[in-house]
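Just below is one structure, and these are the notes that go with it.
None of the figures in this text is laboratory data; all of them are computed from the coordinates on show. Predicted model only: the values in this text are computed from it and were never measured. Here Cβ is always computed from backbone atoms with ideal geometry, including for glycine, and neighbour counts include all displayed protein chains.
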Amino acid sequence: MSSPTMTDSSPAAAPGTTTTPKGEAGTARRRVLQRVVLPADRDLDVLPLYVDYSAAVGVSSEDGEDPPGGDTVTALYPENILDRYRLRVPADQRVSFGTYFNAFAASYWRMWSILEYVDLRVRVSGSATVIVYRSTADGRSQRVASESTETEPSGDFTFALPLKPFGDGGWYWFDVFAGTQDAVLEDAAWTAEVPGDNFASGTATVGITVIRPDSCIPLLGQLADDDAVMAVVDEVIVVDQGSERVRDQAEFGRIEHALGGKLRVIEQANIGGSGGFARAQYETVKAGRSDYVLLLDDDIVVEPESVVRAITFGDLARRPTLVGAHMFSLYSRSQLHSFGETINPWRFWWGPAARVRPEHDLATRNLRTSRWMHRRVDVDFNGWWMCLIPRSVIEEIGLGLPLFIKWDDAEYGVRAGAAGFPTVSMPGVGVWHVPWTDKNDALDWQAYFHQRNRTVAALLHSPYDFGGRVVLESFNHQVKHLLAMQYSTAEMRLLALEDILEGPEHLHPSILTKLTQVKALRGHHADAQVRPHPDRFPSVKITKPPKRGRGTTEIYSVPAQLKAAARAGVRQLLPVRTLAHRHPEARIAARDAKWYRLAQLDSAIVSTTDGTAASWYRRDPRRFQHLLARTVAVHERFQREWPRLARDYRTALPEVSSVPSWEATFEAAGPPGGSAS
């Protein structure tokens, strides 16, 4: 199985790139799909995502789940990393590349690409044996082939591997075992013979929406420092919407020079993430040069190889395909936070795809023993922390919706899917981002956008005549917020629904003004008045202690919740206890601030989710009654008028998402061409 040296996949050749003119037909040519890479900074927190020294190669159990225990924590040996592509394997040691960034997700290529075979090409020096494995959809590992340098000082090996057996799931990977002397992995890549017109790499315009310029500068530096990335990027567009400007950052000049004329900064008013990402889509379509737009959050850390891999996968997909990155936690960097997202059509709410295990730590449970990761995960959308969108898709279905923030990525993925353009959340394509478990933006000013945009997306795409459970669930959440004394959240959610009733015409005009209106509205409520420390509030005092010293227990069953809600509703008819006007009755941590716990109190100090501040919640029976009456009226109207609203929003969708509509909004948000550099 030995083969000639891998001259076409040497480190000097950018993966997936070529100087051959695009569209050149002819005989099949070899293209690099995925290069084996290592963390150049030897970061111990991410090393398990690249290299695995564990002896565990697979598990099996009757129920198909990962067995308890069996963690795969091992030594990391960062000193063995020689550079971005080379790893030393000490004598008598075995190293596996069956890892997130270096294994080959065969089932995804089998399902979505034009390929039928993949070749693993490995170059080693020293005393080395290369062993190739594959897994089944249920996570069982199988040895495929092996080669050894034997008496030779080095070896170049190619393993021809079919994709046909991977219909439902499975990966390929390889291990390197060193004999009596050290060995070195000199280079390795997953390659394939592709038709001549698929050989040249597509190119992308990178679009980054910026509010915090200090977080954007390091990301720009990551892109600029990687030659393989810059070879496939036509332009990096920074849509600067912050109060502080990117160009005023100390490192901006150096970054601008490093990007070699490919950086363009567009300064416009803050029209949210959807406004910034739509601007990148618009500029890409208008230029007509790039095959893709690559949307990136401004506060991520990216594995640069992911950019090249996403474009390569997009080039070789059977049809125009959105290619998304998985999200790792920025705080626990080996923890896989988002592996695949779907939308429940009945509730029209996003969440992890079936069988996905959020917050899965690959430092303690490696890929080879994580059985759920071996089944292919199909998704409805990918978050725009990193998502590659073909220009042809934008030209056919339009730009994102003017939603300011929240649900623009989910709605676009569903819209694209309905038009025949799938989204693939691609293993081996990953970024690090602040996980949403560390914040609760459904209670602050963003509650307006959560409520409005979810409902708009449901009106556009729900398969049910009356939106399934959307209206009922909205009503239930609204009542919970009222019982929990979260009046600011309840009022913002009501405003969101009332705005939707005005019709789709409100979306574009409000994108420049709604944030200011929402923040002003929220500021009138006590639960929105934050202080940096709980001690800034009066001390906790209560008239009498809890009955028999019992605290509030968790409520899980539906009957128990209904009973608690009935008791809480009766309490709203009673006057507020006199002492509660001057002193909070309890101090409650954010994670314990359940509606049924707060509903038993007349006032409480409640911490914010990030732990940086607190608010004083106070029960107000008159405000409760007023907001409850509005809640009933609005939801009754929604239930009655849903079919008409759905028709109106669906009819308006092509116009609302069109280039001319967005062009008018961009003109209102700043100069026609933006301020560019």
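Applied to the stretch 459-473, the Karplus parametrisation 6.51 cos²θ - 1.76 cosθ + 1.60 on θ = phi - 60° returns per-residue 3J(HN,Hα) values of 4, 6, 10, 5, x, 9, 4, 10, x, x, 9, 4, 5, 4, 5 Hz, with x for Gly and Pro. Summary of the geometry: the stretch 411-429 and the stretch 165-240, compared by the centres of their Cα atoms, lie 20 Å apart. Just going by the charge dipole of the stretch 556-677, with Lys and Arg at +1 and Asp and Glu at -1 on Cβ, which of LEU579, TRP616, PRO643 is farthest out on the positive end? Highest projection toward the positive end goes to LEU579.
To the nearest ten degrees, helix 558-571 and the longest principal axis of the Cα atoms of the chain are 40 degrees apart. Each residue of the stretch 515-522 is assigned a 3J(HN,Hα), and the resulting list reads 4, 4, 5, 5, 5, 5, 4, 5 Hz, derived from the Karplus form 6.51 cos²θ - 1.76 cosθ + 1.60 (θ = phi - 60°), x at Gly and Pro. What's the center-to-center distance, using Cα atoms, between the stretch 473-526 and the stretch 642-662 in Å? Measuring centre to centre over Cα atoms gives 21 Å.
The lysine pair tally for the chain, using Cα distances under 18 Å and a gap of 8 or more places or different chains, is 8. In the chain, the longest principal axis of the Cα atoms and the axis of helix 213-224 are about 20 degrees apart. Spherically averaged projected area of the convex hull of Cα atoms, the chain: 32.2 nm². Relative to the longest principal axis of the chain, what angle (0 to 90°, nearest 10) does the C-alpha long axis of helix 659-669 take? The answer is roughly 60 degrees. Between the residues ILE511, ILE211, GLN478, the greatest Cα displacement towards the positive end of the dipole of the chain, with unit charges on the Cβ of Lys, Arg, Asp and Glu, is found for GLN478.
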